[in-house]
Amino acid sequence: MKEQYGGRLLQMNRAEAWIPDGSVSNIGFKIGLSNSDDFNLISGTSMACPHGAGIAALLKCAHPDWSPAAIRSAMVTTANPLDNTGNPIRQINGFTNPIASPLSMGAGQVNPNSALDPGLIYDATAQDYIELLCSINYTRKQIRTITRSSYNCSKASSELNYPSFVSLYTYGTNASTQKFERIVTNVGDGAATYKAKVTPPHRLPEDIGIQKNV
């Protein structure tokens, strides 16, 4: 099987092995790691999936009463958007490596220790996900394929209690208003007071507000 890495075409045996005389990964633009080195760097969903699953299992052991959505929320809200040098995480596109956006990197580098005590979580039930599927016009057959059981679409809603949201707009157009509702649950020890703060991303309007409802 042939793979493209850093502009070089490498031949790889299908037994999931790397050839010994070629660079299998790079550090920056000048340093290449071969199969004979003591270590290798591999990134992508193939590596992120087992790491994420392992951390989720750790959180479930520490908090048996947490739902899958609560575990996901703890991992997302405590992730770090900076790399191990303290700089913003960047996309790997071979040349320019621009600063990554949440759409390309997610929440950032997961932090298992912080995820154990996230303070607040965004929880959701299986029915919440079904209502989301109903709101985006999935067919009955498609929803049954996912749920594998009967379901109720009487309250279809796209307001999934997820720890992120996206507002689509065209830069330079007239002002528009979009409202997102989220419910947070305190999972810390005892009562606590939290203050919400908005830091608008670059080139976005600053009139983003928060209306709390306790």
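The single condition among (1) assigned to a helix (DSSP H, G or I); (2) in contact (Cβ under 8 Å) with a residue 12 or more places away in the chain that Arg144 does not satisfy is (2). Scanning the stretch 76-101 for residues that are of a type in the set (Val, Ile, Thr) and not in a loop (DSSP other than H, G, I, E, B), we see that the one that is modelled with the lowest pLDDT is Ile99.
Tell me whether the stretch 138-158 contains one or more residues that are closer than 25 Å to Ala107 by Cβ, of a type in the set (Gly, Ala, Ser) and open to solvent by 70 Å² or more (accessible area, probe 1.4 Å). Yes, because at least one residue in the stretch 138-158 is closer than 25 Å to Ala107 by Cβ, of a type in the set (Gly, Ala, Ser) and open to solvent by 70 Å² or more (accessible area, probe 1.4 Å). Quick test for you: out of Ser73, Ser114, Ser104, Ser46, pick the one residue that is modelled with pLDDT of 65 or more, of a type in the set (Ser, Thr, Tyr), in contact with a strand residue (DSSP E or B) (Cβ under 6 Å, 6 or more places away or on another chain) and not in a loop (DSSP other than H, G, I, E, B). It is Ser73.
Summed over the stretch 54-101, residues that are over 14 Å from Tyr162 (Cα atoms) and open to solvent by 60 Å² or more (accessible area, probe 1.4 Å) total 18. Would a scan of the stretch 146-161 turn up a residue that is more than 16 Å from Ala69 (Cβ to Cβ) and modelled with pLDDT under 75? Looking through the stretch 146-161, none of the residues is more than 16 Å from Ala69 (Cβ to Cβ) and modelled with pLDDT under 75. Filtering the stretch 117-141 down to residues that are free of Cβ contacts under 8 Å to residues at least 24 places away in the same chain and assigned to a helix (DSSP H, G or I), which residue is nearest to Met75 (Cα to Cα)? Result: Ala126.
The values are calculated or read from the model by the stated rules, or taken from the named source; none is laboratory data. Note that the coordinates shown come from a computational prediction; the quantities given were computed from them, not determined experimentally. Note that we place each Cβ from the backbone using ideal geometry, even for glycine, and neighbour counts take in every protein chain shown. Keep in mind that these areas ignore ligands, DNA and RNA; they rest on the heavy atoms of the full protein, side chains included. Shrake-Rupley method; radii C 1.70, N 1.55, O 1.52, S 1.80 Å.
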